[in-house]
Amino acid sequence: MTTPLPDLRLNGARLADGRLLSIDIAGDQVAALRPNGEDAPEARRSIELGGALVLPGLTDGHVHLDKTLLGVPWRPHQAAASIRARIEAEKDYRRSTRTPLAEQGAEALLEAALRRGTTSLRTHVDIDDVAKLDNLTQLLTLRERWADRMQIQIVAFPQSGILSCAPAAAYLDEALRMGADLIGGLDPVGIDGDRDGHLAIVFALAEKHGRGIDIHLHDGGSEGLDEIDDIIARTRAGGLGGQVTISHAFALADADERHLDATADALRESGVAILSSIPGGDRCPPIPRLRARGVEVFFGSDNIRDCWNPSTVIGMVDRAMLGAYRFGLRRDEDIAALLDHVTTIPSRICGLGAGEIRPGARADIVAFEAPHAPQVIVERQLPSLIVSRGKPQELAAPPVLK
Ligand SMILES: [Zn+2]
């Protein structure tokens, strides 16, 4: 029996643990790792990396492909004081435009993210009385078109609430039938004013369709902490450990140390993950402490130049740098560990990305011109090579964002 020739071999690849290897890729999977320079049957194509650091493709755990305005001319931010006011301001904009999402910015964002080494992402998609199921329909088409370059999970997101937006619940149900991967939620108290009512619908839809959950939770203080407790309790009751994410969880920044540690332990034990964009200001959860207590935390971009926020930090190397900056991390091991939040953790929790470079894993690999991860992060490097689903990506100059 003969082993088929690998389609691609990456020579001189430096893994994060320091090993210098050749990586064989067959189809869309890593086929073998061997000591660099070891005799082996020739591959169909070889690329010499010269000791460049290789990492598994990076994962952006939270984007809004349907919101970004990267593809259209600059639009000054329309400041709004509350989340409810921002929702209404965005809906006004939605009513005023018929630009397809791909042209509005979704495609530009996917290209910019890939150029920065992101090969998998989770996007939320607005489901409400204005977007209805239109944004989802467009993102399903976009996902299909990008299937060879970007692994995309879609969360059906009730941006205008569920109880306070009459058609939302039926649309969410239909969205899961159409192909959304997870059910979302939004501030059960802050937006819908009914913690139990909102969460009951979200968890019922998850159970009905056998899907995971990813809830936006901006509610702060004891109200937000109580909502986190409720989500943990429902996760335990439904046997949904490992399938539930709380995005943002700003309330964790408000907890005193004892309460924080108790909540962190409950998150870990129940298998509820936390997604953070590492926001500025005083609402960022204390990620190093959550990490130390074993909570599964992964990182995402959230808003990228949209009606909510003009911020345009797209790559996950940049996002890791925000973590180092925000938490004052200086030691190599602390900075390098930030990569877990954009590689191994989202792979384990969400099934996004390869997570690691090993035989049998999805061949999503990014290479950087540095000997180790801390340098990549502090210099906010762009990758020199991106392999997605086994295929080297053509890297033009970084796309010009209008
Ligand atoms: Zn979001």
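Some notes on this structure:
- Residues Val130, Val155, sorted so that the one with the fewest Cβ neighbours within 10 Å comes first: Val130, Val155
- The C-alpha atoms of the chain define a longest principal axis, and helix 316-326 lies at about 70 degrees to it.
- With Cα atoms, 0 to 90° folded angle of helix 134-145 axis to the chain main axis: 10 degrees
- Ranking of Val272, Val202 by count of other Cβ atoms within 10 Å, fewest first: Val202, Val272
- Rounded to the nearest Hz, the phi-derived 3J(HN,Hα) couplings of segment 73-85 under the Karplus curve 6.51 cos²θ - 1.76 cosθ + 1.60 (θ = phi - 60°) are x, 3, 10, x, 5, 9, 4, 9, 6, 10, 4, 4, 5, where x marks glycine and proline.
- Fewest neighbouring Cβ atoms within 10 Å first, the residues Thr59, Thr123 line up as Thr123, Thr59.
- Segment Ala147-Arg289, length gained on full extension (0.36 nm per residue, minus Cα span): 47.5 nm
- With all projection directions averaged, the alpha carbon convex hull of the chain covers 19.8 nm².
- Reference-scaled alpha-carbon Rg (2.2 N^0.38 Å with N residues) for segment 63-131: 1.18
- Degrees between helix 257-270 axis and first principal axis of the chain (Cα, 0 to 90, nearest 10): 70 degrees
- The alpha carbons of segment 179-271 occupy a box of 40, 28, 19 Å along the principal axes, longest dimension given first.
Computed from the coordinates by the stated procedures, all read-outs in this text should not be read as laboratory data. Remember, predicted model here, so these are calculated numbers, not experimental data. FYI the Cβ positions are ideal-geometry reconstructions off the backbone, even for glycines, and counts take in every protein chain you see.
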